[in-house]
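*Asks:* Quick one: the structure is below, questions incoming.
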Protein chains: 2
Amino acid sequence: MNAGNVYDFSVEPQDVDFTLRATITSMCNCVLNTAGVDAQRNGFGTDTLLKNDRSWVLSRMALEFDILPEQYTPFKIRTWINDGGRLLSVRNFLLTDDGGNVFGRVTSQWCMIDMVRRAPLDLSSVVELHRSYVSDEPAPCDRPRKVLTVNPQHTTEHRIVYSDIDFNRHVNTMRYIDMMLDILPIEMLAEHRPLRLDVHFIRESRYGHTLTVGYEQNGDVSLFEIKSDDGEAVCRAAIEWR
Amino acid sequence: MNAGNVYDFSVEPQDVDFTLRATITSMCNCVLNTAGVDAQRNGFGTDTLLKNDRSWVLSRMALEFDILPEQYTPFKIRTWINDGGRLLSVRNFLLTDDGGNVFGRVTSQWCMIDMVRRAPLDLSSVVELHRSYVSDEPAPCDRPRKVLTVNPQHTTEHRIVYSDIDFNRHVNTMRYIDMMLDILPIEMLAEHRPLRLDVHFIRESRYGHTLTVGYEQNGDVSLFEIKSDDGEAVCRAAIEWR
């Protein structure tokens, strides 16, 4: 059993919103940075993979937050990997405060792609390195749920600009989450209810395209769908307010 | 003479653009974080000031970058303060690589405001703490230049959303810089010419307002003006490509 590695964080002033608590986006950012740093440390980071024209792509993610910590609060993220079969790597995260109390649980599914063919790879190509880090410890929350249909009550348009894109000229994961939170009534973000966020990344979207962000409120669930110029969904998500 | 304090940074994957070099915005972010952390360490940070309903407000800033460092490059920022008279604190920054070579120079002007009256304060109210850190070492580059008139050849509109605003519900400084870079032809950002950026923050803009971003290219100088709903300028800037 591999207990994974632990990384230290703190809620910095640039991570909080007007309630002086960490934004959902900043917490996602810490989680994804942990994934990047931990993979790099174990020898299967994007920096190593890119030398063979390979890269990790985040497919689905589920995040549960009981609270969003206040500015200057220190916290820890422990991460470990589960076997996700031939094509998926499952990476889990547990977020704890200074007293060791868990306030966040995350599980994520990644595939490895061949950057030249833009196709998924069998993980056996890196299996030796990757397998030695696989743990029996289960994911700390239910695996990411599919969001099938969204019937938007509100939509906004967003033209993809320079500050939205990553090293690949694709829209950065964090920006999709920003676009979804930005369409919510701001009061909902100020309530700080415990929440679960499921995100499903379907296709890439590129610089210069225009995205349509759709939002449906269904009881205690906020549903989102981001579509590309051609009408195809690029990302769907749901926030369950608990 | 106070030689100031030195802080360590590294260009993280989330700081680079598609050229795998740090974005101008991410470098500004490191500079402003240094200002925040250094002021906090010296006892006149926003956390302390807010207890008396006071806060620092960035008025003008000039940044010179000879290069923008590549992903994973470690660098250092040294910061020190000059006396800027009764109403201004001048904070300077020198950015150096691991070999001690200077690649960035920044000088910035801050005023302290009374958050209740929304009016600037005489710095003598914190003068004892602040004065003990004032250095004779001059700023590492020319002080921020005024940008007087911009005759936009291109404009875009931007409605201010949740992800644009800070703890004060005002647009975050970094987002203004993003909006200006986003209107530039993307090829200009890929050229990585040495540059000087002068930014002048004129007024605050708030959640729900719509901004108009204007851009004029005048030889080797890119000029920007961001206006609010009411037609008043909230921010002007110039990038001199060297």
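*Asks:* Quick one: grab the alpha carbon gyration tensor of chain B, order the square roots of its eigenvalues as a ≥ b ≥ c, and give me rounded if a/c is under 1.5, else prolate or oblate depending on whether a/b is larger than b/c. Before the final figure, lay out the partial values.
*Replies:* Details: a/c = 1.67, a/b = 1.12, b/c = 1.48.
Judged from the Cα gyration tensor, chain B comes out oblate (a/c at least 1.5, b/c at or above a/b).
*Asks:* Across peptide B:173-183, how many C-beta atoms of other chains are within 10 Å of each residue C-beta, on average?
*Replies:* Details: counts 1, 2, 1, 0, 1, 4, 2, 1, 3, 6, 2.
Rounded to a whole number, the mean comes out at 2.
*Asks:* Per-residue accessible area for A:Asp83 at 1.4 Å probe radius, Å² rounded to 10?
*Replies:* Rounded to the nearest 10, that gives 110 Å².
*Asks:* Shifting gears a bit: Please report, in debye to the nearest 20, how large the charge dipole of the stretch A:115-242 is about its Cα centre when each Lys and Arg carries +1 at its beta carbon and each Asp and Glu carries -1 there. Each step should come with its number before you reach the end.
*Replies:* Numbers: 16 positive and 21 negative charges, 65 e Å.
Roughly 320 debye, rounded to the nearest 20.
*Asks:* Straight-line reach only, C-alpha to C-alpha below 19 angstrom: list the lysines that A:Lys146 could link to, leaving out same-chain residues fewer than 8 apart.
*Replies:* Cα-Cα hits under 19 Å: A:Lys227.
*Asks:* Scan chain A and hand back the longest stretch that contains none of the GluC sites (Glu not before Pro) lying in DSSP loops with at most 12 other Cβ atoms within 10 Å. Intermediate values should be presented prior to the final figure.
*Replies:* Numbers: sites that count: A:Glu191, A:Glu232.
My reading of the result: A:1-190 is the longest stretch.
*Asks:* Taking the Cα centroid of the stretch B:152-180 and of the stretch A:166-182, what is the distance between the two, rounded to the nearest whole Å?
*Replies:* Each part's Cα centre sits 16 Å from the other's.
*Asks:* Tell me which aspartates and glutamates have Cα within less than 12 Å of B:Lys51's Cα, excluding those fewer than 8 residues away on the same chain?
*Replies:* The qualifying aspartates and glutamates are B:Asp114.
*Asks:* Work out the length of the dipole vector of chain A about its Cα centre, built from +1 on the beta-carbon of each Lys and Arg and -1 on the beta-carbon of each Asp and Glu, and round it to the nearest 20 debye.
*Replies:* Numbers: 26 positive and 35 negative charges, 153 e Å.
Here the size comes out at about 740 debye.
*Asks:* What is the diffusion coefficient of the protein assembly as shown in µm²/s, taking the Kirkwood radius over Cα pairs and the Stokes-Einstein relation at 20 °C with a viscosity of 1.002 mPa s? Can you show the working numbers first?
*Replies:* Working: Rh = 23.9 Å.
Once the numbers are plugged in, D ends up at 90 µm²/s.
*Asks:* Moving to a separate point now. I need the shape label for the stretch A:158-211. Rule: rounded when a/c is under 1.5, else prolate if a/b > b/c, else oblate, with a, b, c from the alpha carbon gyration tensor.
*Replies:* On the way: a/c = 2.78, a/b = 1.95, b/c = 1.43.
Prolate.
*Asks:* Using only Cα atoms, locate the centre of the stretch A:206-242 and the centre of the stretch B:133-150, then give the distance between them in Å, rounded to an integer.
*Replies:* 44 Å
*Asks:* Counting only other chains, what is the mean number of Cβ atoms within 10 angstrom of the Cβ of each residue in peptide B:163-171?
*Replies:* Details: counts 11, 2, 3, 5, 9, 1, 3, 1, 0.
The mean count of partner-chain Cβ atoms within 10 Å per residue comes to 4.
*Asks:* Further, regarding this structure: Using the crude model of +1 on Lys and Arg Cβ and -1 on Asp and Glu Cβ, and no other charge, please compute the dipole size for the protein assembly as shown relative to its Cα centre, in debye to 20. Please report the intermediate quantities before stating the final value.
*Replies:* Working: 52 positive and 70 negative charges, 10 e Å.
Taking the Cα centre of the protein assembly as shown as origin, the dipole is about 60 debye.
*Asks:* I've got another one for you. Which of rounded, prolate, oblate describes the stretch A:104-242, given a ≥ b ≥ c as roots of the alpha-carbon gyration tensor eigenvalues and a/c under 1.5 marking rounded, otherwise prolate only if a/b is larger than b/c? Show your work: numbers first, answer last.
*Replies:* Numbers: a/c = 2.22, a/b = 1.24, b/c = 1.78.
Because a/c hits 1.5 or more and a/b fails to exceed b/c, the stretch A:104-242 counts as oblate.
*Asks:* Let me ask something else about it. Could you pull the Rg and Dmax for the stretch B:1-96, using just the Cα atoms, both in Å?
*Replies:* Calculated on Cα positions, Rg and Dmax stand at 14.7, 44 Å.
*Asks:* Just want the answer: with Cβ charges of +1 for Lys and Arg and -1 for Asp and Glu, which residue in A:Leu68, A:Val106, A:Cys30 is farthest toward the dipole's positive end in the stretch A:1-108?
*Replies:* It is A:Val106, whose Cα lies furthest towards the positive end.
*Asks:* Continuing with the same structure: In straight Cα distance, which aspartates and glutamates are under 16 Å from B:Lys76, not counting same-chain residues fewer than 8 positions off?
*Replies:* In chain and number order, the partners are B:Asp8, B:Glu12, B:Asp15, B:Asp38, B:Glu64, B:Asp66, B:Asp97, B:Asp98.
*Asks:* Select from B:Trp241, B:Asn168, B:Gly219 the residue farthest towards the positive end of the dipole of the stretch B:135-242; place +1 on Cβ of Lys and Arg, -1 on Cβ of Asp and Glu, and compute about the Cα centre.
*Replies:* The residue sitting most towards the positive pole is B:Asn168.
*Asks:* Right, something else. Hey, how many Å between the Cα centroid of the stretch B:79-125 and the Cα centroid of the stretch A:41-75?
*Replies:* The two parts, judged by their Cα centres, are 35 Å apart.
*Asks:* Related question: Tell me, rounded to the nearest percent, the portion of alpha carbon pairs in the stretch A:34-151 spaced more than 21 Å apart.
*Replies:* Details: 2998 of 6903 pairs.
In whole percent, the share of Cα-Cα pairs in the stretch A:34-151 beyond 21 Å is 43.
The values are calculated or read from the model by the stated rules, or taken from the named source; none is laboratory data. No experiment lies behind these values; they were computed from the predicted model shown. Here the Cβ is made from the backbone with ideal geometry for all residues, glycine too, and neighbour counts use every protein chain on show. These accessible areas exclude ligands, DNA and RNA; they are computed on the full protein's heavy atoms, side chains included. Shrake-Rupley method; radii C 1.70, N 1.55, O 1.52, S 1.80 Å.
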